[in-house]
Amino acid sequence: MATLPKSVQNLINEFSKLPGIGPKSASRLAFYLLRQPDIDVQNFSAAVMNLQKDLIYCSVCFNMADSDPCKICGDAKRDHNLICIVEDPLDVVAMDQIAGFNGVYHVLGGVISPLDGVGPDNLKIAELFQRLAGDGEKEIILATNPSLEGEATAMYIAKQVKNQNLKVKNVKVTRLARGLPQGADLEYADEFTLSKALEGRREY
């Protein structure tokens, strides 16, 4: 039985760990790289090596960024009293394609999922409440995905904001409308669907 060189097999094994990549796709990716010029392979390798090394997270919204604060949080032209709450950085990319949205974001870093051992303390929820404290009217748009975990996370945040024990006042809580199909991820929704979901958001 023919076997692949160890270096090739190791690369295939690593590609196979990526979401949505099976053994056959991993093999195609590995052999594609083998056919590329050395400089392209070196650039690819450097990009992977520097992925986490050069990455920082905004201390305000916790989105991935090149600077702190990120460009969105540092933009004085945006409405900093309109905060869109999302699960992951990819959701920021999806939402920010909507021409009509000029607010800012807060990245939770996931959703509440007891089965996976993820509770409110594992997410950037306490940091969100710190942002909401203080004077001035604010609106938060709960833009977590329409999954069971996403809905549970949105409900938890809404209840906590309305909790009188928190120093959070004059905060309107809204939720994206049902333009998004049940179970769909925000990052995969098209701009029109997201725009309609944003326009039709309801008080939560």
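The values are calculated or read from the model by the stated rules, or taken from the named source; none is laboratory data. Note that the coordinates shown come from a computational prediction; the quantities given were computed from them, not determined experimentally. Every residue, glycine among them, receives a Cβ derived from its backbone with ideal geometry; neighbour counts consider all protein chains shown.
Here C70 clears all of (1) outside the structural domain of L176 (by TED's automatic domain parsing); (2) touching a residue at least 24 places away in the same chain (Cβ under 8 Å) except the condition numbered (2).
Checked against (1) over 29 Å from the mean Cα position of the chain (by Cα); (2) in a loop (DSSP other than H, G, I, E, B); (3) closer than 30 Å to D66 by Cα, T3 passes all but a single condition, namely (3).
Please verify whether the stretch 94-102 includes one or more residues that are under 19 Å from M155 (Cα atoms), in contact with a Leu (Cβ under 9 Å, 6 or more places away or on another chain) and in contact (Cβ under 8 Å) with a residue 12 or more places away in the chain. The answer is no; no qualifying residue exists.
Residue pairs whose Cβ atoms lie under 6 Å apart, sitting 6 or more positions apart in sequence or on different chains, and linking a residue in the stretch 8-25 that is over 18 Å from V48 (Cα atoms) to a partner that is surrounded by 11 or more Cβ atoms within 10 Å (Cβ to Cβ), are P23/S16.
Going by the conditions given, is L115 over 14 Å from I72 (Cα atoms) and in contact with a His (Cβ under 7 Å, 6 or more places away or on another chain)?
Details: over 14 Å from I72 (Cα atoms): yes; in contact with a His (Cβ under 7 Å, 6 or more places away or on another chain): no.
No: the conditions fail for L115.
Residue-level analysis places K124 among those that are closer than 13 Å to F62 by Cβ and of a type in the set (K, R).
Based on this model, can you work out whether Q160 counts as in contact with an Asp or Glu (Cβ under 8 Å, 6 or more places away or on another chain), farther than 20 Å from Y57 by Cβ and of a type outside the set (S, T, Y)?
Values: in contact with an Asp or Glu (Cβ under 8 Å, 6 or more places away or on another chain): no; farther than 20 Å from Y57 by Cβ: yes; of a type outside the set (S, T, Y): yes.
Taking the combined requirement at face value, the residue does not satisfy it.
Checking each residue of the stretch 88-106 against the condition of being exposed (fewer than 15 other Cβ atoms within 10 Å of the Cβ), at pLDDT 95 or above and out of contact with any Gly (no Cβ under 7 Å at 6 or more places or on another chain) gives no match.
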